[in-house]
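Accompanying notes for the structure given below.
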Amino acid sequence: MKVQFRLSPQTALVLDAFLERPRSWRYGYDISRDTGLKSGTLYPILIRLADHELVETRWETTESGKPPRHMYRLTPEGIRSARAQLRDYGHRKSSMVVLREVKI
């Protein structure tokens, strides 16, 4: 089942960051650092991806006395969908560049 949703440039950044290590758990802070996205942009994207069951989440307790940290990783369907959507997104973006060049 291919999950489709509007792929914003910010969501494309997040999916691309996940695909660097698709089966690895990632902290939100690490994704933010890798993408340059602020938390107010990043966390709504992560929530939407989780709602579409493309990302799974878990809490990790690191040290006693420290609050647990939320972790994220792509689901198997998320990996397939991210690859397909980024491929389509790249094609659309390159087509838009060609169209702009033709108009000039």
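The values are calculated or read from the model by the stated rules, or taken from the named source; none is laboratory data. Just so we're clear, the structure is a prediction, and the values are computed from it rather than from any experiment. Quick reminder, even Gly has a Cβ in these numbers, built from the backbone with ideal geometry, and neighbours come from all protein chains shown. Calculation scope for accessible area: heavy atoms of the full protein, side chains included, ligands and nucleic acids excluded. Shrake-Rupley method; radii C 1.70, N 1.55, O 1.52, S 1.80 Å.
Just to confirm the filter: which GluC sites (Glu not before Pro) across segment 1-74 are DSSP coil and have at most 12 other Cβ within 10 angstrom of their Cβ?
On the way: sites: 20, 53, 56, 60, 63; in loops: 53, 63.
Passing both the DSSP loop test and the Cβ count: 63.
Within segment 1-82, which trypsin sites (Lys or Arg not before Pro) sit in a loop by DSSP and count at most 10 neighbouring Cβ atoms inside 10 Å?
Sparse-neighbourhood loop trypsin sites (Lys or Arg not before Pro): 2, 6, 23, 38.
Once the piece of chain linking residue 29 and residue 64 is laid out straight, how much longer is it, given 0.36 nm per residue of separation minus the C-alpha distance between them?
Numbers: separation 35, 0.36 × 35 = 12.60 nm, distance 1.98 nm.
10.6 nm is the gain from fully extending residue 29 to residue 64.
Calculate, for segment 1-84, the solvent-accessible area per residue in square angstrom, rolling a 1.4 angstrom probe over the heavy atoms of the protein chains. Each step should come with its number before you reach the end.
Working: 4980 Å² over 84 residues.
Per-residue accessible area for segment 1-84 comes out at 59 Å².
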